[in-house]
1. Return Asp47, Asp74, Asp117 ranked ascending by Cβ neighbour count within 10 Å, so the fewest neighbours appear first.
2. Between 0 and 90 degrees, rounded to the nearest ten: what's the tilt of helix 46-69 against the longest Cα principal axis of the chain?
3. Once you put a point 7 Å from the Cα of Glu96 and another 7 Å from the Cα of Ser73, both along the Cβ direction, what distance in nm separates them?
4. When only DSSP loop residues count, what GluC sites (Glu not before Pro) in region 100-151 have their Cβ near at most 14 other Cβ atoms within 10 Å?
5. Nearest 500 deg cm²/dmol is fine: what mean residue ellipticity at 222 nm does the chain get from its DSSP H runs of n ≥ 4 alone, each adding -39,500 (n - 2.57), divided by its residue count?
6. Apply the Karplus curve 6.51 cos²θ - 1.76 cosθ + 1.60, θ = phi - 60°, to the phi angles in region 128-144 and return the couplings in whole Hz, x for Gly and Pro.
7. Karplus couplings for region 92-103 from phi (6.51 cos²θ - 1.76 cosθ + 1.60, θ = phi - 60°), rounded to Hz, Gly and Pro as x?
8. Pop out the ³J(HN,Hα) list for region 73-83 in order, Karplus 6.51 cos²θ - 1.76 cosθ + 1.60 with θ = phi - 60°, rounded to Hz; leave Gly and Pro as x.
Amino acid sequence: MNLEERFQEDLQSAMKSGDRAAVDVLRLLRTRLKEASVAKMDDLSEDEIYKTIGTEIKKRREAIELFEKGGRSDLAAREHREIEILEGYMPPRLSEDEIRTLAAEAVRESGAESPRDLGKVMKILMPRVANRAEGSKVRAIVKQLLTPDKT
């Protein structure tokens, strides 16, 4: 079963069980995927579907930050619930150690020697960790690897 079929099945199950949050998120996701497919004028690849889901998760994280600053913990909680639902469709996340291992390989391959070479490493590394790690976390690890210890 492909991802889109899984969305449809899960949407029907959520509707039957009365899970309003899941229904809303899955309907919105289905719409976003349709929009991306129309814009591409072709079916989306699995990677493109993951990218779309990742974008939706990122939007919700930003909304949580704003809601918490505004003292709206009720709305922040709803966004957290939506993130949980969306993350259920993403591939398993890489651990920090796994990212560090992949980053070390990319540093060797790129010949990077200093933080100025961060872009070279990221260019090699990001396709390998796509949809399985946050870019900011990956960037921080690479920067740490490229920054010489001053002890």
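1. Sorted ascending by nearby Cβ count, the order is Asp74, Asp47, Asp117.
2. Once rounded, the angle reads 90 degrees.
3. 2.7 nm
4. Those that pass, being in a loop and sparsely packed, are Glu113.
5. Rounded to the nearest 500, the figure is -25000 deg cm²/dmol.
6. 6, 10, 3, 6, 10, 7, 6, x, 5, 5, 4, 4, 4, 5, 4, 4, 4
7. Taking θ as phi minus 60°, the curve returns x, 6, 7, 6, 4, 5, 5, 5, 4, 5, 5, 5 Hz for region 92-103.
8. Ordered by residue, 3J(HN,Hα) equals 5, 5, 6, 5, 4, 5, 5, 4, 4, 5, 4 Hz.
Readers should treat all values here as calculations from the given coordinates under stated rules, not as data from a laboratory. The shown structure was predicted, so the numbers you read here are calculated from the model rather than taken from an experiment. Don't worry about glycine lacking a Cβ; one is built from the backbone with ideal geometry, like all the others, and counts go over all protein chains shown.
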